[in-house]
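Quick one: the structure is below, and I'll ask about it shortly.
The values are calculated or read from the model by the stated rules, or taken from the named source; none is laboratory data. Not measured: the values here are computed from a predicted model. Virtual Cβ from ideal backbone geometry, glycine too; neighbours counted across all protein chains shown.
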């Protein structure tokens, strides 16, 4: 298995409502089959799929999907000053702030929000992991000559 995540699929209650949330954050839909909405990201894609259909695809009862799964999605930004405005944009689009922007013990600056379906996102600035020019992230960052 190669070291990458190709597609992140989120189970959603209302497909169009969830799509509008991500569009309000500035993301653009890409053509996809009916019943699925996709957004191409840097290096992977995000898919939105009705909760009932995703459960059906997995062969489980829809009630087995729900609540906080213990997984967060992270969006790293270039500076600490970029965290609060991104959280504000998420809230204005219909998200719920779980933790406002603030400094953290390891030297970064971050906050959390939940999208309309409760999927948790971290918005973070990690001064020890600078982003590449195109916004790509890796744990040790992109420094000189990377």
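Within the range 83-146, considering only strands (runs of 3 or more DSSP E) that don't extend past its boundaries, which have at least 3 residues that are buried (at least 19 other Cβ atoms within 10 Å of the Cβ) and at negative phi? Before the answer, list the steps.
Numbers: elements: 96-103, 109-114, 120-125.
Strands (runs of 3 or more DSSP E) meeting the threshold: 109-114, 120-125.
Of all residues in the range 12-28, which are surrounded by 14 or more Cβ atoms within 10 Å (Cβ to Cβ) and touching a strand residue (DSSP E or B) at 6+ places or on another chain (Cβ under 8 Å)?
Hits for the range 12-28 are 12, 15, 18, 19, 22, 23, 27.
Keeping to the range 62-78, report how many residues are assigned to a loop (DSSP other than H, G, I, E, B) and closer than 19 Å to residue 26 by Cα. If you could, list the steps in order and put the result at the bottom.
If we filter the range 62-78 for residues that are assigned to a loop (DSSP other than H, G, I, E, B), which is where we start, we get 65-71, 77-78.
Okay, now just the ones that are also closer than 19 Å to residue 26 by Cα, so 77-78.
Within the range 62-78, residues that are assigned to a loop (DSSP other than H, G, I, E, B) and closer than 19 Å to residue 26 by Cα number 2.
Would a scan of the range 30-40 turn up a residue that is in a loop (DSSP other than H, G, I, E, B), surrounded by 14 or more Cβ atoms within 10 Å (Cβ to Cβ) and touching a residue at least 24 places away in the same chain (Cβ under 8 Å)?
No.
Here's a follow-up. State whether one or more residues within the range 41-61 are touching a residue at least 60 places away in the same chain (Cβ under 8 Å), at negative phi, in a loop (DSSP other than H, G, I, E, B) and not assigned by TED's automatic domain parsing to the domain that holds residue 123.
Yes, there is a match, as at least one residue in the range 41-61 is touching a residue at least 60 places away in the same chain (Cβ under 8 Å), at negative phi, in a loop (DSSP other than H, G, I, E, B) and not assigned by TED's automatic domain parsing to the domain that holds residue 123.
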